[in-house]
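Step one of this worksheet: look at the structure below.
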């Protein structure tokens, strides 16, 4: 199963052609994809037009949704952040550490286009889809 980060979904909905959006386009309907609740929020909050928001919401709600953070993962995310800081890496967004930690915990691969996940791949063994 695959988690698709908001960085890819946002590019996808904006019609931006990247290796990641191409991968997503070919995977939809063919590859099991899970939507994290945090990612759902990140993607939908960016829509300005109400019609686009409604359409995207309807499409995204067809994908199985999993809650991404509870007490266990909140604590593990803090540990992951601290470990990265000890390695000299500061992740810009806490939510990215939560998403990465979720993927690691459930052994899910992540499709992303966000450099904050690169050190998680290197130091935390986050599995990412290579395009």
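Please count how many residues of region 63-84 are surrounded by fewer than 11 Cβ atoms within 10 Å (Cβ to Cβ) and closer than 16 Å to residue 3 by Cβ.
Residues meeting the conditions: 2.
Looking at residue 104, is it touching a residue at least 60 places away in the same chain (Cβ under 8 Å) and crowded, with 17+ Cβ neighbours inside 10 Å?
Criteria not met by residue 104.
Out of all the residues in region 17-52, which are within 17 Å of the chain's Cα centre (by Cα), closer than 17 Å to residue 111 by Cα and not in a helix (DSSP H, G or I)?
Scanning region 17-52 gives 18, 28, 31, 32, 33, 34, 35, 36.
Look at region 79-116 and say how many of its residues are assigned to a helix (DSSP H, G or I), out of contact with any helix residue (DSSP H, G or I) (no Cβ under 8 Å at 6 or more places or on another chain) and over 19 Å from residue 9 (Cα atoms).
Qualifying residue count, region 79-116: 4.
Looking only at region 117-131, which residues are in a loop (DSSP other than H, G, I, E, B) and surrounded by 13 or more Cβ atoms within 10 Å (Cβ to Cβ)?
The answer is 126, 127, 129, 131.
Is it true that residue 59 is closer than 24 Å to residue 104 by Cβ and either surrounded by fewer than 13 Cβ atoms within 10 Å (Cβ to Cβ) or touching a helix residue (DSSP H, G or I) at 6+ places or on another chain (Cβ under 9 Å) (or both)?
Considered against the rule, which asks whether it is closer than 24 Å to residue 104 by Cβ and either surrounded by fewer than 13 Cβ atoms within 10 Å (Cβ to Cβ) or touching a helix residue (DSSP H, G or I) at 6+ places or on another chain (Cβ under 9 Å) (or both), residue 59 comes out as no.
FYI, it's all coordinate maths here, none of it is from the lab. All figures in this text were calculated on a predicted structure; none of them were measured in a lab. FYI the Cβ positions are ideal-geometry reconstructions off the backbone, even for glycines, and counts take in every protein chain you see.
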